[in-house]
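See below for the structure under consideration.
The values are calculated or read from the model by the stated rules, or taken from the named source; none is laboratory data. Only a predicted model underlies this, so the values are computations on that prediction, with no experimental measurement involved. So basically every Cβ, Gly included, is an ideal-geometry build from the backbone, and we count neighbours across all protein chains shown. Heavy atoms of the whole protein, side chains included, go into the accessibility calculation; ligands, DNA and RNA do not. Shrake-Rupley method; radii C 1.70, N 1.55, O 1.52, S 1.80 Å.
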Amino acid sequence: LYTAYGDGYGFDPIVPTKLGLGFARVIGGPADFTGENIRSDAENTGMGRAGKKASGILMVDGVLYIWARNADNNGHHCQLAWSRDYARTWMWSDWKFTQFGYLTFINFGMNYTGVRDVHEGYVYMVSHDHPSAYEPADRFILARAPREGITNRNAYEFFQTLDSDDNPIWTKDIDGRGAVFTNPGGCLRSGMSYNAGLKRYLWWQQNPRHGEDTRRKGGFGIYDAPEPWGPWTTVYDTPAWDVGPGETAALPTPWMSADGKTCHLVFSGNDNFSVRKVVFTL
């Protein structure tokens, strides 16, 4: 598993200088993993809003992609970067999404091999509909790009609405984007992956309603749907967990059982790389 971290020192042995953006890989299973830091030319020392940080990570056809939030070095906008040598060196797009503050990819499996046939030609991503990574919105949006054209801004399409047969209508007009999830004042950071065993999309969402620093305290929700545009139902929701649920989390596909019922939540709880076993009851 490849990952990124912000405002930290990575895994032991820690890097000598605190990084605003750093990279690592996680080896092993959820109960016996080890972490290894990857030194990269994309590292920065901008803390908090003042430095780019990864909000989403995905590998497709051997290329690692990240969405970097804080692309204006002040907490706003997202920029794409990609690496062909496993996070050591990166290329950056010459464009940004100024409309979105926390784009993240939908993960389908190792090197994107787990993508469903119906979605084979595209890479999907979601964001709360706000230019800041720190301010909540009322809704989430869904975007997609051809897997061969992820770096091409003109190739992107945005979910607009459903037709009379509940099929998605897409638009290249970013101002025509619609909502795939609505929760007034409750949409902020999130992570989504496809559970092949259950044939459901699982969407972790931070709960920003109470204004808490969720690294240390607060709640979150997990939602499921048969398609990335819904309809969404609530799997789990809590305003206060037994540990800090973190600023971001996801359910990595390699750590899901074949039947999909046992998964593992990776989250930045208490400001650490944290793992919690999840068992779904159908």
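A single member of 54, 31, 50 is out of contact with any helix residue (DSSP H, G or I) (no Cβ under 9 Å at 6 or more places or on another chain), open to solvent by less than 40 Å² (accessible area, probe 1.4 Å) and not acidic (Asp, Glu), and it is 54.
For the stretch 162-202, residues that are under 30 Å from residue 245 (Cα atoms), aliphatic (A, V, I, L, M) and either open to solvent by less than 50 Å² (accessible area, probe 1.4 Å) or touching a strand residue (DSSP E or B) at 6+ places or on another chain (Cβ under 8 Å) (or both) total 6. Taken together, 260, 244 contain a single residue that is over 25 Å from residue 103 (Cα atoms) and over 16 Å from the mean Cα position of the chain (by Cα), which is 260. When each of 218, 260, 244, 230 is tested for being in a loop (DSSP other than H, G, I, E, B), touching a Leu at 6+ places or on another chain (Cβ under 9 Å), farther than 20 Å from residue 180 by Cα and open to solvent by less than 20 Å² (accessible area, probe 1.4 Å), the lone residue that passes is 260.
Just give me the residues in the stretch 206-215 being open to solvent by less than 40 Å² (accessible area, probe 1.4 Å) and touching a residue at least 40 places away in the same chain (Cβ under 8 Å), in sequence order. Let's see the steps before the verdict.
Keep residues of the stretch 206-215 that are open to solvent by less than 40 Å² (accessible area, probe 1.4 Å), which gives 206-208, 214.
Matches in the stretch 206-215: 206, 208.
Pairs meeting the criteria (first residue in the stretch 256-282 and touching a residue at least 24 places away in the same chain (Cβ under 8 Å), second residue open to solvent by 80 Å² or more (accessible area, probe 1.4 Å) and assigned to a strand (DSSP E or B), beta carbons under 7 Å, at least 6 apart or on different chains) are 261/279; 264/277. On the stretch given as the stretch 101-149, residues that are touching a helix residue (DSSP H, G or I) at 6+ places or on another chain (Cβ under 7 Å), surrounded by fewer than 18 Cβ atoms within 10 Å (Cβ to Cβ) and not in a loop (DSSP other than H, G, I, E, B) total 2.
Residue by residue, here is whether (1) hydroxyl-bearing (Ser, Thr, Tyr); (2) at negative phi; (3) in contact with a Cys (Cβ under 8 Å, 6 or more places away or on another chain); (4) open to solvent by 60 Å² or more (accessible area, probe 1.4 Å) holds:
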| residue | (1), (2), (3), (4) |
| --- | --- |
| 59 | no, yes, no, no |
| 62 | no, no, no, no |
| 67 | no, yes, yes, no |
| 70 | no, no, no, no |
| 73 | no, no, no, yes |
| 76 | no, yes, no, no |
| 82 | no, yes, no, no |
| 85 | no, yes, no, no |
| 92 | no, yes, no, yes |
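Of the listed requirements (1) within 18 Å of residue 158 (Cβ to Cβ); (2) open to solvent by less than 50 Å² (accessible area, probe 1.4 Å), residue 98 misses just one: (2).
Looking at residue 120, is it at pLDDT below 95 and either under 15 Å from the mean Cα position of the chain (by Cα) or over 27 Å from residue 278 (Cα atoms) (or both)?
For residue 120, the condition - at pLDDT below 95 and either under 15 Å from the mean Cα position of the chain (by Cα) or over 27 Å from residue 278 (Cα atoms) (or both) - is met.
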